[in-house]
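Student: Here it is, the structure, as structure tokens.
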Amino acid sequence: AASYADEATQAYDRAATAPNAEIALQAQLNRLNLDVATGNPAGIANWQPIRQQIDRLPPSRQSIYAQLNLAWSLTCFQIPNVPSCGESEEQPPATENLTPTEIAEIVATAAQTAKSIADPAAESYALGQLGELYEATGNPTAAAELTQQALHRVEGLQFLEIRYRWEWQLGRLLRNQGKIEDAIAAYETAAASLKSVRSDLLTVNADIQFAFRDRVEPFYRQLVELLLPANDPQPPQFNRQKALYYVEEIQLAELENFLRCSLETLEAMPGDNSSDAIARLMRRIDRLLQDDAALVYPILLRDRVAVLFKLPDSDDLGYYTYAIDKTDAQTTLRRLRTSLLKLNRPEDRVLQSRKVYQWFAPLFDTYLPSHPGIQTLVFVLDGELRNIPIAALQDDSGRYVVQRDYAIAVFPSSQLFDIAASPHNFQVLGAGITQQLTVGDLPPFSALAEVEAEVAAVSSVDPLIDAEFTEQNLEQWVDKRDFSIVHLATHGNFSSDPDETYLLVHGIDPDKPAGELLKANELDRLLRDRTRDRPLDLLVLSACETAEGDNRATLGLAGLAVRAGAKSTLATLWQVSDRSTVKLMEQFYRQLQQNPRSTKAQALHLAQNALLTDPNFDNPFFWAPYILVGNWR
């Protein structure tokens, strides 16, 4: 990330010397924005020359947005807790010779210019930005008045992306005044505006899209916190249903942001209002669960973990909370993830695992035992919980979740997968890379000695091994035969960056140990061309891992699972031993073949327990990383 920032800084500095004054000014503003994003206080030193250049511009939309851009950068440098600046763990490095009043003067000038040239959208932006500045500096009355003016300027006009921002701002102000019902109404109005404009925002260049983490995720989380207040242990059912609906919106928005496309949900209807959509979502969940599964939504909020759950024989959503600061929860999850990757020093793994288990203890110890028909738990995981295999959590007695009588599956969203049971048709195409391969300047991808045995044991045809496993051959075989399962045993990487989510395949020259990276969008094209009419029942990715240091890396796995068009995807959160993978896969396929009534989730559950009872593989490092995403039946 640092190298990208350095390259961008150099590029902006070069552009700032361009003979075209507009290009030079925009480059300086972009450089200032970059300094904000990277926390470089030295960058603010040039703000006055930039303002002087802007002041020389004739009145126009360009000059207005240049002023607002400059003011926003200065605001983020100078003033803590400004919503549009995003969340920051550190206070901004304030500059003594720059006051909030000076920043407000820049924004007010922009608003006056917009009014003089009769540009309602620009005037709305300026008034709303001034309102946000007053909000951040403790003047809620002026902030609310300016926000209402900003909304009034675009009333009746098709500027939903502007309306959403100021409706959210109005909701925050009402929340801070303790007017909770009015705040919820403002937030829900903003949610409707955002839903209408979200797909449009995905079509613009990624460099100018608003950041998901700054402009979408915090909004939805604040709305969920309003619907599930900390001081109410039993919020009404409709609030719980609304909260679940907006948690689903978080999941969908994040996936859409990753995939750069709008996702078509199974239940969406044109002209839906939120009440219709919520009712439809609840009916869909009932159909998904039938009489043998439970759906669980753990939500990481600022001061607690809130858990919403739906049991198959209940009309109501269950709800409870576990009090913990979000920063502490994230630290615990990161420590647990790190400890799961180590074979030695199990003490910290056990400690962190038991801590996280406590978030789910009421579910396992109180609610589930009274519903003996439940066989599968389906989790829609939030944030960094996605990096943790629920199966590896331990209670105080040392018992793993996987040792309980529940199979486990993961959903990115309950609205994206068809859960109709499908007959187990064992036409399996296996492919894998056994040899060490190099790709460009990347470190060599290590050999996977047991892969040939793994894919040979499961493939219905001669597997594609090494030089035969090219993108072209895979495409031809997938298209040629009616395979129900594609099993790929090769290095892969899941990342929150779509360009860093890939699978390793062999290069086109069979005599060179060189590989190629099959990116997520290429795999999507390769599989979807075939799966549109004949969807794969299962895609298996058995030697992949999530990107180190990327706390949202499993977004890449979820995105790949959604784009591939397979009903379900079995993948690994980290790369594990070849030998343990061979054993687990043998057990998994044997369960599916020998017991036609077994679901994929149950087959994985039994295979993981088989490894757990083997002294060579009883450490969760070996059996825990396998997760089933999508249709568990």
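Student: Among the residues of region 202-254, how many are among the β-branched types (Val, Ile, Thr), surrounded by 12 or more Cβ atoms within 10 Å (Cβ to Cβ) and modelled with pLDDT under 95?
Tutor: Adding up the residues that qualify gives 2.
Student: Any residue in region 378-395 that is in contact with a strand residue (DSSP E or B) (Cβ under 9 Å, 6 or more places away or on another chain), closer than 25 Å to Asn595 by Cβ, surrounded by fewer than 21 Cβ atoms within 10 Å (Cβ to Cβ) and not assigned by TED's automatic domain parsing to the domain that holds Phe212?
Tutor: yes
Student: Within region 321-338, is there a residue that is under 16 Å from Gly398 (Cβ atoms), at pLDDT 95 or above and polar (S, T, N, Q)?
Tutor: Scanning region 321-338, I find no residue that is under 16 Å from Gly398 (Cβ atoms), at pLDDT 95 or above and polar (S, T, N, Q), so the answer is no.
Student: Among the numbered conditions (1) loosely packed, with under 13 Cβ neighbours inside 10 Å; (2) touching a Ser or Thr at 6+ places or on another chain (Cβ under 7 Å), tell me where Ile54 comes up short.
Tutor: (1)
Student: Taking the conditions exactly as written (part of a helix (DSSP H, G or I) and either out of contact with any His (no Cβ under 8 Å at 6 or more places or on another chain) or at pLDDT below 95 (or both)), does Ser199 satisfy them or not?
Tutor: yes
Student: Collect the residues in region 350-395 that are touching a helix residue (DSSP H, G or I) at 6+ places or on another chain (Cβ under 7 Å), β-branched (Val, Ile, Thr) and assigned to a helix (DSSP H, G or I), keeping them in residue-number order.
Tutor: Val356, Ile390
Student: Can you tell me how many residues in region 537-561 are within 19 Å of the chain's Cα centre (by Cα) and buried (at least 24 other Cβ atoms within 10 Å of the Cβ)?
Tutor: Residues meeting the conditions: 10.
Student: Considering Thr109, Thr147, Thr75, Thr101, which residue is of a type outside the set (A, V, I, L, M, F, W, C), within 21 Å of Pro49 (Cα to Cα) and either in contact with a His (Cβ under 7 Å, 6 or more places away or on another chain) or buried (at least 24 other Cβ atoms within 10 Å of the Cβ) (or both)?
Tutor: Thr75
Student: Somewhere in region 514-531, is a residue part of a loop (DSSP other than H, G, I, E, B) and either assigned by TED's automatic domain parsing to the domain that holds Arg481 or crowded, with 19+ Cβ neighbours inside 10 Å (or both)?
Tutor: no
Student: Okay, moving on. Being surrounded by fewer than 16 Cβ atoms within 10 Å (Cβ to Cβ) and assigned to a loop (DSSP other than H, G, I, E, B) is the filter here, so list the residues in region 498-513 that pass it.
Tutor: Hits for region 498-513 are Ile508, Asp509, Pro510, Asp511, Lys512.
Student: So Leu74 passes all but one of these: (1) over 19 Å from Thr137 (Cα atoms); (2) without any contact (Cβ under 8 Å) to a residue 40 or more places away in the chain. Which condition number does it fail?
Tutor: (1)
Student: Ala566 - would you say it is touching a strand residue (DSSP E or B) at 6+ places or on another chain (Cβ under 9 Å), outside the structural domain of Leu343 (by TED's automatic domain parsing), in a loop (DSSP other than H, G, I, E, B) and among the aliphatic types (A, V, I, L, M)?
Tutor: For Ala566, the condition - touching a strand residue (DSSP E or B) at 6+ places or on another chain (Cβ under 9 Å), outside the structural domain of Leu343 (by TED's automatic domain parsing), in a loop (DSSP other than H, G, I, E, B) and among the aliphatic types (A, V, I, L, M) - is met.
Rundown of residues vs (1) within 23 Å of Asp348 (Cα to Cα); (2) of a type outside the set (Val, Ile, Thr), yes/no style:
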| residue | (1), (2) |
| --- | --- |
| Val562 | no, no |
| Tyr589 | no, yes |
| Ser598 | no, yes |
| Thr613 | yes, no |
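Student: While we're looking at this one, here's another question. Could you please give the count of residues in region 442-476 that are farther than 26 Å from Lys583 by Cβ and buried (at least 20 other Cβ atoms within 10 Å of the Cβ)? First the steps, then the outcome.
Tutor: The initial filter retains those residues of region 442-476 that are farther than 26 Å from Lys583 by Cβ, namely 442-444, 467, 470-473, 475-476.
The next check asks that each one be buried (at least 20 other Cβ atoms within 10 Å of the Cβ); those that pass are 470.
Residues flagged as farther than 26 Å from Lys583 by Cβ and buried (at least 20 other Cβ atoms within 10 Å of the Cβ) within region 442-476 amount to 1.
Student: Given the conditions (1) of a type outside the set (S, T, N, Q); (2) at pLDDT 90 or above; (3) outside the structural domain of Thr189 (by TED's automatic domain parsing), and given that Asp272 satisfies all but one, which numbered condition is not satisfied?
Tutor: (2)
Student: Take Ala601 and decide whether it is surrounded by 21 or more Cβ atoms within 10 Å (Cβ to Cβ) and small (Gly, Ala, Ser).
Tutor: It is true that Ala601 is surrounded by 21 or more Cβ atoms within 10 Å (Cβ to Cβ) and small (Gly, Ala, Ser).
Student: Among the numbered criteria (1) over 23 Å from Pro120 (Cβ atoms); (2) modelled with pLDDT of 70 or more, which one does Pro93 miss?
Tutor: With respect to (1) over 23 Å from Pro120 (Cβ atoms); (2) modelled with pLDDT of 70 or more, Pro93 is out only on (2).
Student: Just a yes or no: is a residue in region 182-189 closer than 20 Å to Pro236 by Cα and part of a loop (DSSP other than H, G, I, E, B)? Before the answer, list the steps.
Tutor: Here is the first cut: in region 182-189, the ones closer than 20 Å to Pro236 by Cα are 182-188.
If we keep only those that are part of a loop (DSSP other than H, G, I, E, B) too, we end up with none.
No - not one qualifying residue is present in region 182-189.
Student: Which members of region 354-390 meet the condition of being under 22 Å from Thr338 (Cα atoms) and of a type in the set (Ser, Thr, Tyr)?
Tutor: Within region 354-390, just Tyr357 meets the criteria.
Student: Based on what the data block shows, is Leu539 closer than 20 Å to Cys261 by Cβ, without any contact (Cβ under 8 Å) to a residue 60 or more places away in the chain and touching a Ser or Thr at 6+ places or on another chain (Cβ under 7 Å)?
Tutor: So Leu539 fits the description; yes.
Student: Tell me which residues, restricted to region 138-179, are of a type in the set (S, T, N, Q) and over 32 Å from the mean Cα position of the chain (by Cα).
Tutor: Asn139, Thr141, Gln148, Gln149
The values are calculated or read from the model by the stated rules, or taken from the named source; none is laboratory data. What you are looking at is a predicted structure, and each value in this text was computed from that prediction instead of being measured. In this analysis, Cβ positions are derived from the backbone assuming ideal geometry, glycine residues included, and neighbour counts consider all displayed protein chains.
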